[in-house]
C-alpha cells in the first residue's frame with residue numbers, strides 16, 4: 001500500500017459519486033457552475049472526498065460542507 005493514499009471500496013465510491021451528483025445538480029440548478037467546467041468538477045470531487053473523510057454516510061453533512069466551501073471560495 002502506498003503511503004498517503006486511501007483505498008475506497010465499491011460501495012464507498014458509489015456513495016461518493018451520488019453525493020457528487022447531488023451537489024453538482026444543485027449547483028447547476030442555482031446557476032453556480034458551467035456543466036462543461038472540468039476544473040470545477042475536479043474541485044467538487046476533491047471537496048466531497050475531503051469532507052467524507054470522517055463519515056461517508058453523513059450525506060447531508062458532506063453536501064452542506066461542500067456547498068459552503070464552494071460558496072466561500
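The values are calculated or read from the model by the stated rules, or taken from the named source; none is laboratory data. These figures come from a predicted structure and were not determined experimentally. Cβ sites come from the backbone with ideal geometry, for glycine too, and all protein chains shown count toward neighbours.
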- Output for the stretch 24-40, where each listed residue is over 19 Å from residue 59 (Cβ atoms) and assigned to a helix (DSSP H, G or I): 38, 39, 40
- Determine which member of the set 11, 6, 55, 21 is modelled with pLDDT under 95 and part of a helix (DSSP H, G or I). 11
- Message: Just to be sure I understand, how many residues within the stretch 36-58 are over 15 Å from residue 8 (Cβ atoms) and surrounded by 10 or more Cβ atoms within 10 Å (Cβ to Cβ)?
- Response: 8
